[in-house]
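Notes to accompany the following structure.
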Amino acid sequence: MATLLQVLASGLAIGGIYALIALSFSITFTTTKTLNFGQGELIGIGAFLGATVLFALFGGTGSFEAMPSEASAGFNYPLAATAVGVAIGAIGILLFLVAVRPFAGKPGMSWVMSTIGFGIILQSLALAVWGPAPVNLPSPLGDDVIRVLGAGVRPQEILVLAAAVVIMLGLDLVMRRSRLGKAMRAVAFSPPVASLMGINVTAVMLGAFALSGALAGIGGLLVAPIAQASLFVGMGIALKGFSGAIVGGLDNPRGCIFGGFALGLLEAGVALWQAQWREIVVFALIILVLSVRPNGLFGARSLDKV
Amino acid sequence: MSKIAQHGVSRRRLAKHVLAAAALAPAARLLVSGAAAQSAEIKLGFNGDLAASPSAQSGQAAVLGIQTALEDLNGQGGLLGRRLTLVIRDDLSQPPKSIQNMSDLIDNEKVVTVFGPTNSGNALAWRHIPNQKRVPVINPISSATDITRPASANADNYMFRVSMVDRAQVVALMAYVKKSPNARRVGFLSETTGYGQGGLRDMQEVATAQGIAPVANEKFGVNDTDMTSQLQKLRAAEVDTAVVWAQGTPIGQVLRSMDKIGYFPTLISCWAADNQSFFNAAGQQLAERTIFLRTISEDRTPRQQQFLDRVQSRLPTASAFSFAVHGYDAAMLLAMAVRQAGSTDGPKLREALETLGTPHEGILKTYDRPFSRTDHEALEAEDLRWTRWRDGRLVAYADEVTRSLQPGDFKG
């Protein structure tokens with residue numbers, strides 16, 4: 001019982017991050033039919049940017065690699081999250097203008113290469129600024145293990161899960177209830193028609209990339225106290241988030257969230273059996289799902305007329 | 001996951017480097033012709049990661065040690081009346097780049113010896129090159145056992161090492177497990193990378209040689225943050241002593257997961273636990289719960305202290321000090337070989353290294369015939385020092401078991 005509960009706790013914590021990143025892929029895909037393949041770099045940079053803000057708020061004394069827990073205390077962490085959201089959101093806009101817009105709607109896959117390239121440039125710049133060493137980021141809620149019915153969780157894991165759920169519920173509400181959400185869905189349905197209806201299509205697309213970037217950056221800041229801030233971990237998380245999005249259905253935000261959580265739980269569950277088989281099982285299952293449902297479990301059936 | 005991701009990176013990075021190399025080629029040719037004019041210099045090379053992976057700091061420290069040795073040697077008038085220079089090539093931890101650097105250093109720069117690389121995998125990717133081109137390599141950093149293994153039984157071997165050797169480390173760890181009265185049920189934990197699985201293979205072979213039968217064998221990914229599932233299986237198998245082979249950060253995550261489920265078997269780690277990244281990941285209290293081996297003790301000799309004072313301000317991180325020492329000693333052993341051979345010719349240097357006549361008082365230890373034709377390891381299991389973290393610092397560790405270990409216990 002405690003064993004299964006532990007798997008559930010561990011799976012939901014990492015699944016929350018996957019879901020958040022899956023959602024960030026979905027947002028740009030539904031509005032522009034493009035994705036940022038450099039999303040992993042945004043996660044890493046979000047974590048380091050957050051660490052830098054916390055370090056500055058704390059006073060910039062002591063070791064940057066191992067900040068004391070006071071650095072995240074009080075309003076510091078929410079402030080850092082806001083700063084990261086704004087900054088990485090701005091990078092998202094830049095990414096759209098530089099690496100997506102010139103190629104969107106044109107035949108070929110130039111935007112795939114250009115977003116990958118944008119990510120590599122960002123990562124190389126980040127390496128020049130922060131160096132290769134991982135940085136420890138203290139959790140705002142402390143680091144003591146909380147025990148629930150024999151299973152242990154850390155406060156940050158609960159925070160990750162809670163923040164992911166709140167962000168996702170909020171976005172879901174915005175998408176379905178507000179005029180902005182309607183505009184986004186209209187652009188997703190057909191940019192030319194949306195444009196005729198008086199919707200500023202470019203602004204909506206810019207907004208989608210800003211939001212997608214902000215989610216990745218905040219995801220990085222959330223996961224950093226669990227995994228350490230590192231410029232190299234984002235890639236793996238982005239790949240899992242992308243897999244979650246594909247399994248759930250890229251064009252269905254709720255499906256993406258489901259896919260992310262499912263992947264997290266599956267990983268923790270397989271590790272209980274044979275950890276070295278985890279990647280094999282996870283990706284074999286993804287291929288299986290796609291062969292049965294090519295648009296993901298909850299994706300809309302789309303027909304390309306030739 | 002990480003494998004796929006890394007593969008993607010390396011291909012993309014490769015494209016970038018090919019472009020950069022093409023753009024720089026004319027400039028490089030100019031440099032080479034300019035260098036020919038100063039042939040009075042003896043050129044040494046360094047090839048290894050200095051910027052791209054978490055191990056980069058080890059590479060930086062080794063370069064610092066080599067450069068310090070060259071300062072000293074040049075201060076005494078150089079070797080064979082010629083000044084020494086170090087040509088540094090960063091391989092960004094990528095095997096293709098590392099191979100390319102090797103050819104560049106040997107063929108274009110005409111270096112007489114190469115130090116490096118930082119990553120074991122890169123050494124295994126190019127160790128045939130120095131053997132074919134007959135230029136000695138002394139490795140001050142990477143620890144994979146196979147790096148110094150000759151291509152075939154009687155072949156001339158140009159790969160030498162002044163650093164930790166995984167096999168020697170495993171032999172000492174298993175000797176501890178064998179002698180410890182509290183280690184009745186042993187479990188292995190390893191990372192699924194080449195480093196982790198190479199160590200696991202050594203652990204299994206040495207365990208068999210010493211008559212230890214592990215009751216659990218679990219693996220985890222290098223970027224995993226939660227090993228509770230694997231640890232629950234160790235607990236179910238009633239493991240009382242776990243030996244972990246992984247990089248610094250994941251060893252820290254193992255301890256954090258142990259904390260989560262409240263299960264603390266005796267934890268014995270590979271030397272990656274001396275890395276600051278381990279300490280940062282585990283946190284101060286948990287970091288003290290494992291013991292491991294290092295090449296240099298924290299009970300420093302006056303000579304070691306003097307060297308530390310000299311390089312401390314330039315060390316990328318305090319825990320990388322050992323690599324600066326390896327680099328310094330490796331360069332000094334090479335200097336002895338050059339003097340003994342009276343030449344910088346590759347085959348003569350190799351022979352001189354294998355037959356160094358007089359004992360050399362190095363920073364780490366006194367090297368008495370450090371290499372032979374069949375043994376290219378300057379450091380052995382007996383040279384390793386037990387260490388642990390205490391109050392945020394690395395300190396020497398000793399208990400009844402470590403004190404009772406005899407040279408005869410180091411089997412396998």
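Every number in this text was worked out from the coordinates using simple rules, so none of it is lab data. The model shown is predicted, which means the values in this text are computed figures rather than measured ones. Note that we place each Cβ from the backbone using ideal geometry, even for glycine, and neighbour counts take in every protein chain shown.
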Using 10 Å bins from zero, what percent of all Cα-Cα pairs in segment B:86-129 falls into each bin?
30, 62, 8
Which lysines, if any, have their Cα less than 29 Å from the Cα of residue B:43, not counting same-chain residues under 8 positions apart?
B:16, B:97, B:110, B:133, B:348, B:365
Helix-derived mean residue ellipticity, 222 nm - over the protein assembly as shown, DSSP H n ≥ 4, -39500 (n - 2.57), to 500
-18000 deg cm²/dmol
Per-residue mean of other chain beta-carbon atoms within 10 angstrom of the beta-carbon, peptide A:138-144?
1
For chain A, longest principal axis from Cα atoms; helix A:155-177 axis from its Cα atoms; angle between them, nearest 10 degrees, is 20
Taking just the C-alpha trace of chain B, give me its Rg and Dmax in Å.
21.5, 69
Degrees, to the nearest 10: A:110-130 long Cα axis against longest axis of chain A:
30
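So which chymotrypsin sites (Phe, Trp or Tyr not before Pro) in segment A:250-293 pass both tests, a DSSP loop state and at most 15 other Cβ atoms within 10 Å of the Cβ? Provide the component values of the computation, followed by the final result.
On the way: sites: A:258, A:261, A:273, A:277, A:283; in loops: none.
Hits after loop and neighbour filter: nothing returned.
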Please compute the contact order of segment A:17-232 in relative form: average sequence separation of alpha-carbon pairs under 8 Å and at least six residues apart, divided by the residue count, as a percent.
44
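What is the mean number of Cβ atoms from other protein chains located within 10 Å of the Cβ atom of each residue in peptide B:247-259, rounded to a whole number? Provide the component values of the computation, followed by the final result.
On the way: counts 0, 1, 6, 0, 0, 3, 3, 0, 0, 5, 3, 1, 5.
The shielding value for this peptide is 2.
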If the elastic network links every pair of Cα atoms under 10 Å, which of B:377, B:288, B:191 fluctuates the most in the Gaussian network model of chain B?
B:288
Contact order relative to length for chain B, counting C-alpha pairs under 8 Å separated by 6 or more residues, stands in percent at 17
Tell me the angle of helix A:76-95 to the major Cα principal axis of chain A, expressed in degrees between 0 and 90 and rounded to the nearest ten.
30
Give me the base-10 log of I(q)/I(0) for segment A:177-234 at each q in 0.17 Å⁻¹, Debye formula, one uniform scatterer per Cα, rounded to two decimals.
-0.62
Distance in nm between label sites at residue A:124 and residue A:292, each 7 Å beyond Cα in the beta-carbon direction?
4.4
Hey, fewest Cβ within 10 Å first, where do B:127, B:310 land in order?
B:310, B:127
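Within chain B, which whole H helices from DSSP have a Cα span along their axis of at least 27 Å and a mean Kyte-Doolittle hydropathy of 0.5 or more, if any? Walk me through the numbers on the way to the answer.
On the way: long enough: B:2-36 (44 Å, 0.44); B:56-75 (28 Å, 0.18); B:321-341 (30 Å, 0.90).
Once both thresholds are applied, what remains is B:321-341.
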For chain A, alpha-carbon Rg over 2.2 N^0.38 Å
1.00
Shielding of A:273-285 by partners, i.e. mean partner chain Cβ atoms within 10 Å per residue?
3
So what is the relative contact order of segment A:98-197, in percent, for Cα pairs below 8 Å that sit 6 or more residues apart?
10
Bridge orientation stat for the protein assembly as shown from DSSP, antiparallel percent rounded to 5, came to 30
Candidate lysines - alpha carbon under 18 Å from residue A:182, same-chain residues fewer than 8 apart omitted:
A:33
Please find, in a Gaussian network model of chain B (springs between Cα atoms separated by less than 10 Å), the residue of B:144, B:155, B:381 whose mean-square fluctuation is greatest.
B:155
Among B:325, B:311, B:63, residue whose mean-square fluctuation peaks in a GNM of chain B (springs only between Cα atoms under 10 Å)
B:311
Ranked list, fewest to most other Cβ atoms within 10 Å of each Cβ, for B:166, B:226
B:166, B:226
